[in-house]
Amino acid sequence: MKALWETDRDYLEIVQDLLVHEDVQRLAELVHHKVTDRLTHCLNVSYRSYRVAKRLGLDAHKVARAGLLHDLFFYEGEDKHEVGGRGHNFEHPRIALRNALKITELCEVERDIILKHMSGATNDVPLYPESLLVSCMDKQVAMMELCVGYSRRVHHFMRRVTLAWVKQ
Ligand SMILES: [Fe+2]
Ligand SMILES: [Fe+2]
């Protein structure tokens, strides 16, 4: 079954040049929140933010593009303790912004969206409603991913317990 963003021509037109870029495609090889890959996570954040931005009359174009690039970093989640500086939460938006600027031009709002997407977990304060929106959607998508991860773990645990019980 296709994801919603795959059938939305208007959305695809906005992000197509980024989506086909090899750096963005590299994100598909990285595990994110233990249950998905980083490209899927970025697409979910980008597309959900885009849809809400359109409803709220915000700049959906900027939200879609910066949302897709908000986690453009290339170390695995399990290596996040080795990132140095002020830690993963603070550093990875800055790394993502540097990487994003290598592949496209970004306006002030788009830069702020990427830089401030960890607000709440960091002291960063979003300067634009678009930045606040992507930060909220990032948390919502992350919660969904974590819930899926936990329910899968519970399912596997229950399956193991049941099988052990049946074998007795
Ligand atoms: Fe992030
Ligand atoms: Fe994220």
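The values are calculated or read from the model by the stated rules, or taken from the named source; none is laboratory data. As the structure is a computational prediction, the values presented were derived from the model and not from experiment. Cβ sites come from the backbone with ideal geometry, for glycine too, and all protein chains shown count toward neighbours.
Here are a few things to note about the model shown:
Rundown of residues vs (1) within 12 Å of the chain's Cα centre (by Cα); (2) away from ligand 1 (no atom under 16 Å from the Cβ); (3) polar (S, T, N, Q), yes/no style:
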{"position": "Y11", "(1), (2), (3)": "no, yes, no"}
{"position": "V15", "(1), (2), (3)": "no, yes, no"}
{"position": "L19", "(1), (2), (3)": "no, yes, no"}
{"position": "A28", "(1), (2), (3)": "yes, yes, no"}
{"position": "K34", "(1), (2), (3)": "no, no, no"}
{"position": "D37", "(1), (2), (3)": "yes, no, no"}
{"position": "V45", "(1), (2), (3)": "yes, no, no"}
{"position": "R48", "(1), (2), (3)": "yes, no, no"}
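- Selected residue [of a type in the set (A, V, I, L, M), in contact with a helix residue (DSSP H, G or I) (Cβ under 7 Å, 6 or more places away or on another chain), modelled with pLDDT of 95 or more and not in a helix (DSSP H, G or I)] from L133, L127: L127
- Lone unmet requirement of (1) closer than 24 Å to V20 by Cα; (2) within 11 Å of ligand 1 (Cβ to nearest atom) for E110: (2)
- Lone unmet requirement of (1) at pLDDT below 90; (2) within 14 Å of ligand 2 (Cβ to nearest atom); (3) over 23 Å from R51 (Cα atoms) for V161: (2)
- Close contacts from region 93-122, counting a first residue that is more than 17 Å from H41 (Cα to Cα) and in contact (Cβ under 8 Å) with a residue 24 or more places away in the chain and a second that is among the basic types (K, R) and away from ligand 2 (no atom under 15 Å from the Cβ), with Cβ to Cβ under 6 Å and a gap of 6+ residues or different chains, come to V109/K62; E110/K62.
- Scan region 77-101 for residues that are assigned to a helix (DSSP H, G or I) and more than 12 Å from ligand 2 (Cβ to nearest atom) and the total you get is 14.
- Region 119-168: number of residues that are touching an Asp or Glu at 6+ places or on another chain (Cβ under 6 Å) and β-branched (V, I, T): 0
- Taking the criterion of being over 14 Å from D23 (Cα atoms) and within 12 Å of ligand 2 (Cβ to nearest atom), the residues of region 44-74 that qualify are N44, V45, S46, R48, S49, A66, G67.
- When the test is whether a residue is within 11 Å of ligand 1 (Cβ to nearest atom) and under 17 Å from R26 (Cα atoms), L101 does not pass it.
- Scanning region 28-48 for residues that are β-branched (V, I, T) and modelled with pLDDT under 95 turns up V31, V35, T36.
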